[in-house]
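Below is one structure, written out as structure tokens; the observations come after it.
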Amino acid sequence: MKFKTPKFWHKKYLNLFSLLLLPLSFLIQVFSKIRSKVIPTKKFNSKVICVGNLYLGGTGKTPLTIKLFEILKYMEKNPAIIKKFYHNQNDEIDLIKDKVGKVFTATSRQKAIMMAENSNFDTMILDDGSQDYSIYKDLNIACFNSKQLIGNEHTIPSGPLRENFNSIKNFKIAVINGDKNQKFENKIKEFAPNIDIFYSEYYSVDASKYLNKSLLAFAGIGNPNNFFELMEKNKLNIKIKLAYPDHYNFSQNDMNNLFQTAKKENLDLITTEKDYYRLKKIGFNNINFFAIKLKIHNEQHFIKKIKECI
């Protein structure tokens, strides 16, 4: 979905736009509730772990999916990553393939799981899919980012949530990327008293390469400001920041403008890893990207909880 996050999604008070859209949000909630009741759920022979979110985009599902793959390999499982095929999300698929290799995609997640089972994989990791009611999940993990959390707490289009926040009760683990937030933890526990909450953070793989450079940073992801702030946290000198809609398809004209601006201002271009893979597809494979990895705090306890669930 190509969109820029509306500012009113993060207003603490009920904004006029949010208010006007509330009836539509209510209808979407009702439709979602009906779908969850009428769609038949298939249980697979393999274990299924879903890395999902309530907030629409930009919560760090893919880095956590890759981290979970590494953990399952450490546990001597034979995991595969499952993604529903979308034409505008090949960047994520290519990134995962490059990192782990074991990715199965199809027009439905059920088909992709069956493909993986036929290839003797025993543990499926759904990168997204919490709202796919056709699949039984042995473990549901919810991802949040501490900067956005749940915005104004309303569902789309009045707010940024895919479904009502009380659906957190369907998750056994929550992973919050960023700073500790006891108030938010308490809010989660109101609906899911037995949920286990963990914190994670990104760390740079190669920030030292860019320490002495002046940069033009651009990003077409869910929450580009998180990317810019992470670079600044690593003391990188960003002179220009350019944000594009999520999963943005950069055109030749876009890239010409970026190259011209960088040359004029004597800057080096740098983007996200996801954007790099999207640009690589159209021939721009010489763009710098800011590589990151995910660290889970209290990781041994996290691994213990994964073992208990599968």
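Heavy-atom accessible surface of segment 259-300, averaged per residue, reaches 57 Å², computed with a 1.4 Å probe. With Cα atoms defining each centre, segment 1-68 and segment 152-169 are spaced 7 Å apart in the structure. Inter-label distance, residue 251 to residue 166: 4.6 nm, where each label sits 7 Å from its Cα along the C-beta direction. Each 10 Å bin from 0 upward holds the following percent of the Cα-Cα pairs of the chain: 6, 25, 34, 25, 9, 1.
Its Cα gyration tensor gives segment 98-143 an equivalent ellipsoid, and the semi-axes of that ellipsoid, as √(5λ) in whole Å with the largest first, are 17, 13, 11. Cα centroid distance between segment 173-200 and segment 243-258, in Å? Measuring centre to centre over Cα atoms gives 36 Å.
When both bridge partners sit in segment 115-230, DSSP labels roughly 0% of those beta bridges antiparallel.
Label-to-label distance for residue 39 and residue 308 is 2.9 nm, based on points extended 7 Å past Cα in the beta-carbon direction. What accessible area per residue, rounded to a whole number of Å², is obtained for segment 86-224 using a probe radius of 1.4 Å? Here the per-residue accessible area is 42 Å².
Each Lys and Arg Cβ is given +1 and each Asp and Glu Cβ -1; about its Cα centre, segment 28-86 then shows a dipole of about 280 debye. Here the mean projected area of the convex hull built on the C-alpha positions of segment 104-208 is 9.3 nm². Charges were assigned to the Cβ only: +1 to each Lys and Arg, -1 to each Asp and Glu. The resulting dipole of the chain about its Cα centre is roughly 320 debye. Put a dot 7 Å past the Cα of residue 75, heading toward its Cβ, do the same for residue 90, and the two dots end up 3.4 nm apart. Dipole magnitude for segment 200-271: computed about the Cα centre from +1 point charges on Lys and Arg Cβ and -1 point charges on Asp and Glu Cβ, it is near 300 debye.
Stokes-Einstein diffusion for segment 22-159, with the hydrodynamic radius set to the Kirkwood value over Cα pairs and evaluated at 4 °C in a medium of 1.567 mPa s, equals 82 µm²/s.
FRET efficiency for residue 239 and residue 190, Cβ-Cβ distance as r, R0 = 51 Å, nearest 0.05? Spell out each step's value before the answer.
Numbers: r = 44 Å, r/R0 = 0.87.
Approximately 0.70, to the nearest 0.05.
Estimated from helical segments only, the mean residue ellipticity of the chain at 222 nm is -11000 deg cm²/dmol, where each DSSP H run of four or more residues counts as -39500 (n - 2.57). Considering all C-alpha pairs of segment 1-52, those separated by over 17 Å amount to 65%. Comparing 158, 108, 200 in a Gaussian network model of the chain, where Cα atoms under 10 Å apart are tied by springs, the biggest mean-square fluctuation is seen for 108. Computed over protein heavy atoms with a 1.4 Å probe, the carbon and sulfur contribution to the accessible area of segment 189-262 reaches 46%. For the options 100, 38, 175, a Gaussian network treatment of the chain with springs between C-alpha atoms closer than 10 Å singles out 38 as fluctuating the most. Based on the convex hull around the alpha carbon atoms, segment 174-244 presents an average projected area of 6.0 nm².
The values are calculated or read from the model by the stated rules, or taken from the named source; none is laboratory data. It should be emphasised that the depicted structure is a prediction, and the values quoted were computed from it without experimental measurement. Please note: Cβ atoms are built from the backbone with ideal geometry, for glycine as well, and neighbour counts cover all protein chains shown. The protein model used for the area step is the full one, side chains on, heavy atoms only, and it has no ligands, DNA or RNA in it. Shrake-Rupley method; radii C 1.70, N 1.55, O 1.52, S 1.80 Å.
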